[in-house]
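Report on the structure given below.
Please treat every number below as a calculation from the coordinates, not as lab data. Note that the structure is a prediction, hence the values are computed from the model and not measured. Heads up, the Cβs are rebuilt from the backbone with ideal geometry, glycines too, and the neighbour counts pull from every protein chain shown.
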Amino acid sequence: MAIQTKKYAAALYQAVKESQGKKLTEALANFVKLLIQNRLLGQADTILADFKKYYNEQEQITAVEVSTARPLSPAIVKDLTKKFSSALGQTVELNCQVNPELCGGAVFRIGDYLIDGSVAHRLNTLRQKIYSNQS
């Protein structure tokens with residue numbers, strides 16, 4: 001089923017890319033009708049997730065997940081977006097989440113790559129070192 005949802009995601013991308021204004025609304029309505037006809041409306045969430053991935057690949061957009069203990073200011077979000085965009089050589093979509101359990105610092109996820117600069121991670125690492133030295 002994953003291959004089929006990816007095909008629908010690619011078809012939706014083409015429809016969006018080729019349509020504007022009223023034609024876009026019409027193209028989306030036709031796409032929903034196609035899903036209903038093929039009894040795939042229940043897969044709409046998966047198709048939309050695949051569409052987002054496909055869209056980002058085609059448009060060279062990299063999604064960066066950022067988790068922090070407190071909300072980031074707009075200035076910091078702008079600065080991080082600019083720095084990641086420069087480092088990756090692509091447009092960056094920064095998705096910010098608040099996780100109070102981090103205590104401080106930040107955790108960044110880019111695809112399968114994780115950079116954990118949180119205070120919680122540092123404390124856990126320190127705790128492991130202390131326990132390993134006591135053995």
- In the stretch 105-135, what count of residues is obtained for those that are of a type in the set (Gly, Ala, Ser) and surrounded by 14 or more Cβ atoms within 10 Å (Cβ to Cβ)? 4
- Taking into account only those residues within the stretch 87-107 that are more than 23 Å from Lys53 (Cβ to Cβ) and of a type in the set (Gly, Ala, Ser), which is farthest from the chain's Cα centre (by Cα)? Gly104
- For the stretch 42-56 the number of residues that are surrounded by 12 or more Cβ atoms within 10 Å (Cβ to Cβ) and either more than 18 Å from the chain's Cα centre (by Cα) or not aliphatic (A, V, I, L, M) (or both) is 9
- Among Ile36, Ile47, Ile61, which is the only one that is closer than 26 Å to Gly89 by Cα and among the β-branched types (Val, Ile, Thr)? Ile61
- Message: Looking only at the stretch 105-120, count every residue that is within 30 Å of Gly89 (Cβ to Cβ), in contact with a helix residue (DSSP H, G or I) (Cβ under 8 Å, 6 or more places away or on another chain) and not in a strand (DSSP E or B) and tell me the total.
- Response: 0
- Taking Lys53, is it under 30 Å from Leu102 (Cβ atoms), part of a helix (DSSP H, G or I) and touching a residue at least 40 places away in the same chain (Cβ under 8 Å)? yes
- Task: For the stretch 86-104, indicate whether the set of residues that are more than 17 Å from Asn56 (Cβ to Cβ), touching a residue at least 24 places away in the same chain (Cβ under 8 Å), of a type in the set (A, V, I, L, M, F, W, C) and in a helix (DSSP H, G or I) is non-empty.
- Result: yes
